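Working notes for the structure below.
The values are calculated or read from the model by the stated rules, or taken from the named source; none is laboratory data. Fair warning: this is a prediction, and the values are worked out from it, not measured in the lab. Cβ placement follows ideal geometry from the backbone for every residue including glycine, while neighbour counts extend to all protein chains displayed.
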Amino acid sequence: MTAGAPILAARGLAKRFGGVQALDEVSFELLGRQIAGLIGPNGAGKTTLFNLVTGLDRPDAGATFFHGQDITHTPAHAISRLGLARTFQNVRLPGQLTVLDNVRVAFHARAGYGFLQAALHLGRYRRRERQISAAATALLEMFDLHGLGDQLAASLPYGMRRNLEIARALATGPSLLLLDEPAAGLNGRETADLAALIRRIRDEFALTVLLIEHDMKIVMNLCERVLVLHYGKLIASGPPGQIKRDPQVIEAYLGPFREPA
Ligand SMILES: Nc1ncnc2c1ncn2[C@@H]1O[C@H](COP(=O)(O)OP(=O)(O)O)[C@@H](O)[C@H]1O
Ligand SMILES: [Mg+2]
């Protein structure tokens with residue numbers, strides 16, 4: 001059991017698109033160093049929830065708190081600087097940057113080290129650049145991208161671009177990482193590697209991770225807590241063992257013919 005104040009708290013989040021209530025009174029909390037899963041059928045509101053929490057979109061009602069701070073109306077770039085990072089359902093990367101520069105740029109977003117300071121403190125700037133390059137190289141190694149630092153990001157195969165997107169998110173120094181269907185389009189082996197990697201980065205970076213995932217084997221093995229969205233409503237949340245026996249969840253999402261545990 002993890003004790004302490006929640007890292008993220010959502011209170012009554014609501015969002016409507018035309019005739020669709022994408023999110024309806026959604027409230028939950030995430031505790032530190034937890035790997036949590038967000039599941040639910042297509043169109044349930046999972047990505048919308050990520051968009052609201054990261055400041056890409058605004059709720060019609062409700063509020064979001066990050067480390068106790070109200071971020072409901074905080075701009076996305078400021079939320080990122082507070083330590084909330086995400087990846088997208090369809091990989092988003094500056095493809096014309098090299099693999100190494102992709103990660104270096106993300107480190108700079110955290111370093112907050114602008115051009116003026118750089119000009120005034122050239123020695124310190126160079127030292128910092130060396131540190132960033134070393135840290136970026138270490139991250140690339142962790143994600144099996146070492147040796148590819150000079151390649152353009154756009155030239156990488158799909159699975160590697162997904163990894164690079166996560167490495168970039170990590171380089172911004174988050175305490176909370178949101179992953180939108182990180183295993184989509186990966187083969188079985190890549191998916192298993194990704195699950196191990198997610199566990200490892202949680203441990204090494206003391207992160208909280210919330211991931212959207214359809215593969216129930218991964219969700220049940222990897223996640224310590226599962227949130228279930230259905231037509232915009234959070235219909236269940238709890239440990240995976242409890243979720244897979246929840247009659248409402250079985251009816252809405254898992255179906256009656258699920259594999260025995
Ligand atoms: N920008 C948007 N404009 C209009 N409708 C949207 C928009 N974003 C999401 N929706 C609708 O909101 C619902 C939830 O979408 P989404 O959050 O993407 O679901 P999920 O990620 O669970 O598949 C869907 O019915 C979707 O069509
Ligand atoms: Mg989605």
Hey, can you tell me all the residues within the stretch 234-252 that are closer than 21 Å to Asp24 by Cα and surrounded by fewer than 17 Cβ atoms within 10 Å (Cβ to Cβ)? Gly238, Pro247, Gln248, Ile250, Glu251
Restricting attention to the stretch 19-39, does a residue exist that is in contact with a His (Cβ under 9 Å, 6 or more places away or on another chain), within 16 Å of ligand 2 (Cβ to nearest atom) and modelled with pLDDT of 95 or more? yes
Confirm whether Gly45 is surrounded by fewer than 23 Cβ atoms within 10 Å (Cβ to Cβ) and at pLDDT 95 or above. no
Considering only the stretch 14-28, I want to know if a residue exists there that is in contact with a strand residue (DSSP E or B) (Cβ under 7 Å, 6 or more places away or on another chain), within 26 Å of Arg168 (Cβ to Cβ) and crowded, with 22+ Cβ neighbours inside 10 Å. no
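Considering only residues that are surrounded by 13 or more Cβ atoms within 10 Å (Cβ to Cβ) and in a helix (DSSP H, G or I), which ones fall in the stretch 70-88? If you could, list the steps in order and put the result at the bottom.
Of all residues in the stretch 70-88, those surrounded by 13 or more Cβ atoms within 10 Å (Cβ to Cβ) come to 71-72, 74, 76, 79-88.
Selection gives Ala76, Ile79, Ser80, Arg81.
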Among the residues of the stretch 4-26, are any under 22 Å from Ile218 (Cα atoms), assigned by TED's automatic domain parsing to the domain that holds Ile250 and either out of contact with any Leu (no Cβ under 7 Å at 6 or more places or on another chain) or touching a residue at least 40 places away in the same chain (Cβ under 8 Å) (or both)? no
Boolean, Val53 is more than 22 Å from Arg200 (Cα to Cα) and either touching a residue at least 40 places away in the same chain (Cβ under 8 Å) or in the same structural domain as Gly12 (by TED's automatic domain parsing) (or both): yes
Please specify each residue of the stretch 89-106 satisfying the condition of being closer than 20 Å to Leu178 by Cβ, touching a Ser or Thr at 6+ places or on another chain (Cβ under 7 Å) and not in a loop (DSSP other than H, G, I, E, B). Ala106
Hey, can you tell me all the residues within the stretch 8-44 that are part of a loop (DSSP other than H, G, I, E, B) and in contact with an Asp or Glu (Cβ under 8 Å, 6 or more places away or on another chain)? Gln34
